[in-house]
Amino acid sequence: MGSSPRANNSSKLNLRKSQRAPFERRVARLSALLVTPGLLVSGILVWLQPWSLESKLLLIGAELLACLLIGTALLEHIIRPLQTLANVVGALGEEDYSFRARLAIPNDALGELSLEVNALADLLATHRTGAMEATALFQRVVEEVDIPIFAFDPNEKLRLVNSAGQKLLQRSSAQLFGCNALDLGLQPSISCANETLVQLHFQSDARWFVRRSSFRQQGVPHTLVVLSDVSRALREEERRAWQRLIRVMGHELNNSLAPIKSIAGSLNTRLSTMAMDSDQRQDFERGLGIIETRAASLNRFLQAYRQLAQMPPPVLRQCSMSALAKRVAALETRVDVGVVPGPELSLTADPDQIEQMLINLLRNAAEAVLEARVPAQNSDGSETRAIEDSMPQIVFTWKLTEKDVILTIDDTGPGLMNPSNTFVPFYTTKPQGSGIGLVLSRQIAEAHSGSLELSNRIGQRGCSVKVTLPRTTQ
């Protein structure tokens, strides 16, 4: 442990006592020269008096002692205040503002100096208190900000991270301090241009807007990096673009499909009154039936897409999480859905939309489980052994955090083959899929100020869906 400022000041004072400074010797010499003429004159006068030798020596000794005491007092009154002032200034240099100079009185040369030194100590103490309060406020604000903030030194070593940054990297500040930006996966945020979008490897589906600036700490330049997750905003822009496209496509296709279906039905009805042989009649009936059926199918297909453009805002009310989970799980009859009850809670949400979201997710999970049981066909017609699973299942559960409820759906299917395309509208790997189920589900989650994430299960076969919803949606 280092020595305290008071101990340092005491050691300095002792050093000054043991090594007499030139200024102190000059003051002592001048004091001696000042009293020497008087001592000589008084000694001569005393010696010329008709007194006894003992009386003369005693009087001269008394004069010498008085001069010595007066000189010592004079030296003390000159040197001691200066030493005190030196100690106070030394303490200020060591950021110890508890020392003050004595004899700080006005209309006195030394007192005025003491007053100025004490005023300087008070000013520095006020500035230090303000700096400490500003630092504490800065740290508090940084901790409360819900966006990751990092500071790196010139060697790209992490020197500052807030709680949002720790949550992003899933490590504590003690584990992160001193780590290199490259090892943390944050190198793109330092090497990219300021105010630009980057993609970090540990969150492939997230896009981050980087703001970077410089500051100095103890004279050393540092780089401050602020990351803003703009994935949701960008998805919202993409969603609005898809909605506009769907509305235009829907309008144009409806204008064409309705008369096509109507005319095909009318022609099919008139066939019975027309004279033609049986083969021609069958060909016409089959062709018109295909036209009518495909027009109806395309119309249903289009109506499914229009859900993305016409989903209303959620109507919030209280709903029981356990009742909602049991009701949704009972709708899936193709595979066993195991509901592992979490804490009983009343969720503030739109139960109809949340139910639709869970139905979509459970349906996807069930289809994945069933897919794992169907043998695949090779190009030569031979069967590839299906993924064995004695009992395909889906596990649905939930848990609470301080502010959120986290719903989890785990399945034992083959898992995600192409995670990057999971939430691309109209993209699907299913022969009969529309490619909007997951997009619509995430839209519902984000409309409730939540999020939807898909990932392959760690150490097990299958996919895991995590839905995060605030317990109270604003």
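The values are calculated or read from the model by the stated rules, or taken from the named source; none is laboratory data. Bear in mind that the values here come from a model prediction, so they are computed numbers and not experimental data. Heavy atoms of the whole protein, side chains included, go into the accessibility calculation; ligands, DNA and RNA do not. Shrake-Rupley method; radii C 1.70, N 1.55, O 1.52, S 1.80 Å.
List of remarks:
- Solvent-accessible surface (1.4 angstrom probe) belonging to Arg212, in square angstrom, nearest 10: 60
- Accessible carbon and sulfur surface of the range 153-207 relative to its total accessible area, %, 1.4 Å: 46
- Within straight-line cross-link reach of Lys326, aspartates and glutamates at Cα separation under 19 Å, skipping those fewer than 8 residues along the same chain: Asp336, Glu344, Asp350, Asp352, Glu355, Asp410, Asp411
- Measuring nothing but protein heavy atoms, the accessible surface of the range 20-94 at 1.4 Å probe radius is 77 percent carbon and sulfur.
- Looking at the range 101-189, the accessible area is 61 square angstrom per residue; that uses a 1.4 Å probe and ignores ligands, DNA and RNA.
- Computed extension gain for Val220 through Leu74, at 0.36 nm per residue and net of the alpha carbon distance, reaches 47.6 nm.
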